[in-house]
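The values are calculated or read from the model by the stated rules, or taken from the named source; none is laboratory data. Owing to the predicted nature of the structure, the values given are computational and were not obtained by experimental measurement. Here the Cβ positions follow ideal geometry from the backbone for every residue, glycine too, while neighbour counts run over all protein chains shown.
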Amino acid sequence: MATGIWLAGGRGSVAVTSIVGATAIRAGLADTTGCVTELPQLRSPAFPAIGELVFGGHDPASIPLCKKAEALAVAGVIPARLVAALTEELATVEPEIRPVPAAATQLETAALIAEDISAFRYRHSLERVVVVNVSSTEPAPAAHPAHADADALRQALGEPGAVLPASSLYAYAAFISGCSYIDFTPSTGARLPALDALAHRHAVPYAGHDGKTGETLVKSVLAPMFAMRNLRVRTWSGTNLLGGGDGANLADPGANAAKATSKQRVLGETLGYEPQGNTRIEYVDDIGDFKTAWDLITFSGFLGTSMRMEFTWHGCDSALAAPLVLDLARLTAAAHKSGRSGPLTDLAFFFKDPLGSVPHSLAEQWALLASFVRGLADA
Ligand SMILES: NC(=O)c1ccc[n+]([C@@H]2O[C@H](COP(=O)([O-])OP(=O)(O)OC[C@H]3O[C@@H](n4cnc5c(N)ncnc54)[C@H](O)[C@@H]3O)[C@@H](O)[C@H]2O)c1
């Protein structure tokens, strides 16, 4: 039986690159470069095959998948020949990306989301469905007393007004329909005590937060180097220029603040102190999905000698993110199958702002991931 991926934000750049990528791999038109679950050290029979993943989702946008894929090809994110070769396959996914339901209360909206997911599961005879949030980043929501308790949350959701941000409502709908949930964004998602309790109650796992694909990935390799050589990092400042839908959305100060906080966490946690400096994000329409990050690090060594390091990263955001979405879906589906529930902290390798008290160095996160995968194979 196949595994479903339900994408909240199913017509966005990351989602469509993931759909095109998995479809191209199934058709033998692309290899699996960028998918870490295909590395010999991690490959496992516990994972559903990439070619067997079935896609559905929600998005308020109405752009057809084919048009979005063509736009991604024009922008240089995916090869145009793939879009031309996969037109029929994309047309079969098209009706599965549905408009976002809305009802009088959030409880009713969550029930409609859950209904869409269950109908998708039934239509395709899926063994299980992983809900993945790749929708626009939200500003951090105001705290609500019902965020602390699953029963209070259910009651509050039945009253008019917004108790949960959209990312958390997707987590709620996923859990009540027995599905696992991954937050690839810096939004709140399942990061509320009430939702954690709900995940445990329904015996489903969840993972997050905020895919690590660029500047923070480099930081999680370099910061441990400074720490291990006992060099004192005095400042670490970065400027990220990005376009695309994500860049446009991050021009909003609330969403920008959520992202910038998630990007700085690795430094304090890895170095044991907070160097001066900030991460800034600026929107540059013309560069589309290609992100530039410039980082300046000043540090001192033996006898206080001052030194500096600079790096420039030019990454294609969706091409870096999409294979990780496929990896995370395979890992989370396998974890669900093996009976895991609650936060999957061993998947920290993939995230800027990982769940739980976990190491932030990429090498240590890799070791956690490798042992997690071995555990799945033994289960
Ligand atoms: N690309 C990367 O490297 C990367 C890395 C980490 C995190 N992310 C996060 O992934 C998310 C997606 O990035 P993207 O570049 O695809 O952005 P995008 O703007 O291209 O796509 C977001 C999609 O979400 C949809 N959407 C908005 N509100 C929604 C809702 N309530 N329900 C369902 N869909 C909704 C939008 O219509 C849009 O189609 C962003 O939050 C981004 O911060 C991306």
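I'm trying to understand the selection: among the residues of the stretch 7-35, which are in contact with a Phe, Trp or Tyr (Cβ under 8 Å, 6 or more places away or on another chain) and more than 23 Å from Thr87 (Cβ to Cβ)? Result: Ala8, single match.
Among the conditions (1) within 19 Å of Ile5 (Cα to Cα); (2) within 16 Å of the chain's Cα centre (by Cα), Gly339 misses just one, which is (2). Taking (1) more than 29 Å from His200 (Cβ to Cβ); (2) within 16 Å of the ligand (Cβ to nearest atom); (3) touching a residue at least 60 places away in the same chain (Cβ under 8 Å) in turn, Leu86 satisfies each apart from (2). Elements of the type strands (runs of 3 or more DSSP E) sitting completely within the stretch 263-332 and holding at least 1 residues that are under 22 Å from the mean Cα position of the chain (by Cα) and of a type in the set (A, V, I, L, M): these cover 279-283, 290-300.
Which of the residues belonging to the stretch 232-254 are of a type in the set (Gly, Ala, Ser), touching a strand residue (DSSP E or B) at 6+ places or on another chain (Cβ under 8 Å) and under 23 Å from Cys316 (Cβ atoms)?
Correct list: Gly238, Gly243, Gly247, Ala248, Ala251.
Condition test on Ala321, is it touching a strand residue (DSSP E or B) at 6+ places or on another chain (Cβ under 6 Å) and either outside the structural domain of Glu127 (by TED's automatic domain parsing) or of a type outside the set (S, T, N, Q) (or both)? Here the answer is yes, as Ala321 does meet what is asked.
Without any contact (Cβ under 8 Å) to a residue 24 or more places away in the chain and within 16 Å of the ligand (Cβ to nearest atom): does that describe Ala69?
So Ala69 fails the test.
Just checking, which of Ala140, Ala103 is more than 26 Å from Cys66 (Cβ to Cβ), assigned to a loop (DSSP other than H, G, I, E, B) and without any contact (Cβ under 8 Å) to a residue 12 or more places away in the chain? None of the others qualify; the one that does is Ala103.
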